[in-house]
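All of the numbers you see were taken from the coordinates with simple rules; none came from a lab. Computed from a predicted model, the values in this text were never measured in an experiment. FYI the Cβ positions are ideal-geometry reconstructions off the backbone, even for glycines, and counts take in every protein chain you see.
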Amino acid sequence: MASNPKRAPIGAGLRLAIDIGPLAIFFLVNFLMRGPDIAKLLAGTTAFMIASAAAMIVSRWKAGHISPMLWMTGTLVLVFGGLTLWYHDKTFIQFKPTFIYASFAAILAFGLATGRPLLQMLLEAAYPGLTEKGWRQLTINWAIFFVFMAVLNEIVRHKFSYDFWLAFKLWGAIPLTLVFTFANIPMLLKNGLNAEGTKIELPPEG
């Protein structure tokens, strides 16, 4: 039986589109949609679900696999999005980021407690040369950040309007994630990171 041909790594542009494209479409549809909040919610959620499924398909087609983070985030979009559409209730899609952040914080904390380098298993190719100490510190940093983001999302969704929550996701959560990602680079370089071979990998975006 002939083996499947090995696929070349996908480009940075397509990887970025796969990772944040569905979320960008969710924002775009919500901001362009006119009418009551429920109309924006349903249209944006539907577009989000379709785009997430498409991202998973494109990743499987172009890269030959779907990353564990994409599997998790894509599946949760379909689950929480489906509940949102069924019940016409924004609670589900707004709670999804909290669930994602809390889940990854718990997974990373479990890895630290049991001595399993789970983050290293996911991102080792992206951070060549990083020492064991560096991986441990990076894991601790991201676990704390995910807890912070889960709490922040809960505060914003409970205290403010749906439109404010959307704006926070675009102008608050994404910039915070980018800043935190790059803020870790000096620590990584001190712990053996090979800057030339590094591919900055963003964490799952809620």
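Being touching a Leu at 6+ places or on another chain (Cβ under 9 Å) and buried (at least 17 other Cβ atoms within 10 Å of the Cβ) is the filter here; which residues of the stretch 108-122 pass it?
Across the stretch 108-122, the qualifying residues are LEU108, GLY111, LEU118, LEU119, GLN120.
Of the numbered conditions (1) more than 18 Å from ILE25 (Cβ to Cβ); (2) surrounded by 15 or more Cβ atoms within 10 Å (Cβ to Cβ), ARG60 fails exactly one; give the number of that condition.
(2)
Counting only residues that are among the basic types (Lys, Arg), loosely packed, with under 13 Cβ neighbours inside 10 Å and under 13 Å from ILE20 (Cβ atoms), how many does the stretch 166-194 have?
Of the residues in the stretch 166-194, 0 are among the basic types (Lys, Arg), loosely packed, with under 13 Cβ neighbours inside 10 Å and under 13 Å from ILE20 (Cβ atoms).
What number of residues within the stretch 64-91 satisfy the criterion of being over 14 Å from the mean Cα position of the chain (by Cα) and β-branched (Val, Ile, Thr)?
Matching residues across the stretch 64-91 total 3.
Take PHE80 and tell me if it is within 19 Å of ALA167 (Cα to Cα), assigned to a helix (DSSP H, G or I) and without any contact (Cβ under 8 Å) to a residue 40 or more places away in the chain.
No, not satisfied.
Among what's in the stretch 128-162 and is hydroxyl-bearing (Ser, Thr, Tyr) and over 18 Å from the mean Cα position of the chain (by Cα), pick the residue that is surrounded by the fewest Cβ atoms within 10 Å (Cβ to Cβ).
This residue is SER161.
Please go through the stretch 83-100 and give me each residue that is over 21 Å from VAL151 (Cβ atoms) and touching a residue at least 60 places away in the same chain (Cβ under 8 Å), ordered by number.
Passing the criteria: none in range.
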